[in-house]
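Reviewing the structure listed below.
A short reminder: the numbers here are calculations on the coordinates, not readings from a lab. All of these numbers come straight from a predicted model, not from anything done at the bench. Quick reminder, even Gly has a Cβ in these numbers, built from the backbone with ideal geometry, and neighbours come from all protein chains shown.
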Amino acid sequence: MTVVLLIEDDQSIADMISIYLSEDQYTVYCANDGMQAKQLFQEHDPDVVILDLMLPDANGIDLCRYFRESSSVPILIVSAKNEVSERVHALQTGADDYLCKPFSMRELAARTSALLRRSAMPVHSQRNAPAVVIKSVPMKDIVVDLEKRCIFLHNHPVDTTFSEFEIMKNFWLNPGKVFSREELLNKIRGIDSFVTERSVDVHITNLRKKVEIDPKEPKHIKTVWGVGYKFEI
């Protein structure tokens, strides 16, 4: 059973989301403040987190950062704040998607499913599919272990968000291939998700900070001007 941690202080919205996702065969645990959210996160190890930014006792961005420090769980932000700066800030902090209120339950469910579909977690749409195991292959100073969903830099693990790893995985499996921003966006979120291509640039910038010796002069993650990005050995 796929576990969703829903963090929402508006009880009517929380009830509506819980009922809708439960009907879609998710197990939903609800928290209405930051303290309860941290407790439920530790107790239930959720497969995906749906997080409202405005909470009575905590800043949602700080809570997102707290989750990201110890986990690569997909995080979907839901918020009435619809400014581009707010969305970019959330993505930079570690969120994987951002949905502005008001939203339809159908769209929320689609985005949740898209995040789970792109993760390594088994979801109801994948449970009967044959397992595919892909071994990692050493590539000089960077190694991507696809089974463990971990990037190693000089044999040291690098913490990444769900979306950062998905981008790196596609680079790793297709060295030298040029990906447009739209292609990367579709691969990490699914074509049913509404986010701007600017978010891909944010993830690339964060990846470079984590795996490049000099992020301003990247050796591996290259910009192809006017097209997108590629990964070089």
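Counting only whole DSSP H helices of the chain, there are none at least 27 Å long by C-alpha along their axis and with mean Kyte-Doolittle hydropathy no lower than 1.0.
Antiparallel versus total DSSP beta bridges in the chain: what percent is that, nearest 5? Taking every DSSP beta bridge with both residues in the chain, the antiparallel ones total about 45 percent. Considering every alpha-carbon pair of region 1-123, the percent of pairs per 10 Å bin, from zero through the bin containing the longest distance, is 13, 52, 33, 1.
Here region 25-82 is assigned +1 on the Cβ of each Lys and Arg and -1 on the Cβ of each Asp and Glu. Its dipole about the Cα centre then comes out at about 180 debye. Between Lys177 and Asn82, the FRET efficiency estimated from the beta carbon spacing at R0 = 41 angstrom works out to 0.75.
The dipole here belongs to region 2-118: it is taken about the Cα centre, uses +1 on the Cβ of Lys and Arg and -1 on the Cβ of Asp and Glu, and is about 420 debye. Just need the relative contact order of the chain here, percent rounded to a whole number, with Cα pairs under 8 Å and 6+ apart. The value is 15 percent. The GluC sites (Glu not before Pro) found in region 43-92 that occupy coil by DSSP, while having at most 11 further C-beta atoms within 10 Å, are Glu83.
The residue list Leu115, Asn186, Phe103 was ranked by how far each Cα lies along the charge dipole of the chain toward its positive end, using unit charges on Cβ atoms, and Asn186 comes out on top. Sites listed here are GluC sites (Glu not before Pro) in region 142-233 whose DSSP assignment is loop and whose Cβ has at most 15 other Cβ atoms within 10 Å: Glu147, Glu197, Glu232. Computed about its Cα centre, the charge dipole of the chain is approximately 1100 debye, with only Lys, Arg, Asp and Glu carrying charge at their Cβ.
Normalised Debye scattering of the chain at q = 0.14 Å⁻¹ gives log10 I(q)/I(0) of -0.90, counting only Cα atoms as equal scatterers and leaving out solvent. Take the Cα of Asp57, go 7 Å toward its beta carbon, and the backbone nitrogen atoms of region 1-33 under 17 Å from that spot belong to 6-11, 30-33. Using the Cβ-Cβ distance between Glu197 and Glu217 with R0 = 30 Å, the FRET efficiency computed as 1/(1 + (r/R0)^6) comes to roughly 0.80.
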